[in-house]
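Notes to accompany the following structure.
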Amino acid sequence: MHDSVIALGSNIGDSLTILESSVKTLHKIPGITGSMKSSWYKTKAIGPPQPDYLNGCISLRVDIEPFKLLEILLQIENQFGRERKQRWGARTLDLDLLLYDDLILDTPTLQIPHPRMTQRAFVLVPLAEIVPHWIEPISGCTIKQLLNNVDCSDVCLLTSN
């Protein structure tokens, strides 16, 4: 079994329902067991003008190799209506494989750790909630340490009304 972490995001449609449903979908996949889910956070979008995002992270125990896990994530994105029209554009669902054990992988189709995760508060805030002591293998820093190096002012805990 391997430890992995997935970032989830949505800013088109009923984002909260989409995110919660995608977590349930992940739990139905053979080879995925056990998980911890962060809270959901409202965050400012990066890229072209678009609505704010809901973001969170989930840690998973998987008996699935990284490339197969990526394939599964892309299939789930498609299942929830993801269209790739514009780089960093709005989306119904974004699932990013952030970490996989202490693996460092750099291929044209998959980079682990995710190449921009250490610079993004919308990833590090929910990640620090569930795996604060995970060591990001390139920097050698814990997630909690990395969080201290980013501006978190645009990341707000989603509260129910």
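Quick one: would you say residue 84 is over 24 Å from residue 30 (Cα atoms), of a type outside the set (Gly, Ala, Ser), modelled with pLDDT under 95 and open to solvent by less than 40 Å² (accessible area, probe 1.4 Å)? Break it down stepwise before answering.
Working: over 24 Å from residue 30 (Cα atoms): yes; of a type outside the set (Gly, Ala, Ser): yes; modelled with pLDDT under 95: yes; open to solvent by less than 40 Å² (accessible area, probe 1.4 Å): no.
Judged against the criteria, residue 84 is not a match.
Taking the condition of being of a type outside the set (D, E, K, R) and surrounded by fewer than 18 Cβ atoms within 10 Å (Cβ to Cβ), how many residues in segment 1-15 meet it? Can you show your working first?
In the first step, residues of segment 1-15 are kept if they are of a type outside the set (D, E, K, R); the result is 1-2, 4-13, 15.
Retained after the next criterion (residues that are surrounded by fewer than 18 Cβ atoms within 10 Å (Cβ to Cβ)): 1-2, 13.
Count: 3.
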### Query
If you check 120, 91, which single one turns out to be out of contact with any Pro (no Cβ under 6 Å at 6 or more places or on another chain), open to solvent by less than 50 Å² (accessible area, probe 1.4 Å) and under 20 Å from residue 16 (Cα atoms)?
91
### Task
Kindly indicate which of 18, 29, 46 is modelled with pLDDT under 95, open to solvent by less than 50 Å² (accessible area, probe 1.4 Å), assigned to a loop (DSSP other than H, G, I, E, B) and hydrophobic (A, V, I, L, M, F, W, C).
29
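Could you go through segment 58-66 and let me know if any residue there is among the acidic types (Asp, Glu), open to solvent by 20 Å² or more (accessible area, probe 1.4 Å), more than 22 Å from residue 17 (Cα to Cα) and without any contact (Cβ under 8 Å) to a residue 12 or more places away in the chain. Walk me through it before giving the result.
As a first pass, look at segment 58-66 and keep what is among the acidic types (Asp, Glu): 63, 65.
Now narrow it down to the ones that are open to solvent by 20 Å² or more (accessible area, probe 1.4 Å): 63, 65.
Now restrict to residues that are more than 22 Å from residue 17 (Cα to Cα): 63, 65.
Now drop any that are not without any contact (Cβ under 8 Å) to a residue 12 or more places away in the chain, which leaves 65.
Yes, some residue in segment 58-66 is among the acidic types (Asp, Glu), open to solvent by 20 Å² or more (accessible area, probe 1.4 Å), more than 22 Å from residue 17 (Cα to Cα) and without any contact (Cβ under 8 Å) to a residue 12 or more places away in the chain.
The values are calculated or read from the model by the stated rules, or taken from the named source; none is laboratory data. Source: prediction; values computed, not measured. Note that each Cβ is placed from the backbone with ideal geometry, even for glycine, and that neighbours are counted across all protein chains shown. Heads up: the accessible areas ignore ligands, DNA and RNA and are worked out on the full protein's heavy atoms, side chains in. Shrake-Rupley method; radii C 1.70, N 1.55, O 1.52, S 1.80 Å.
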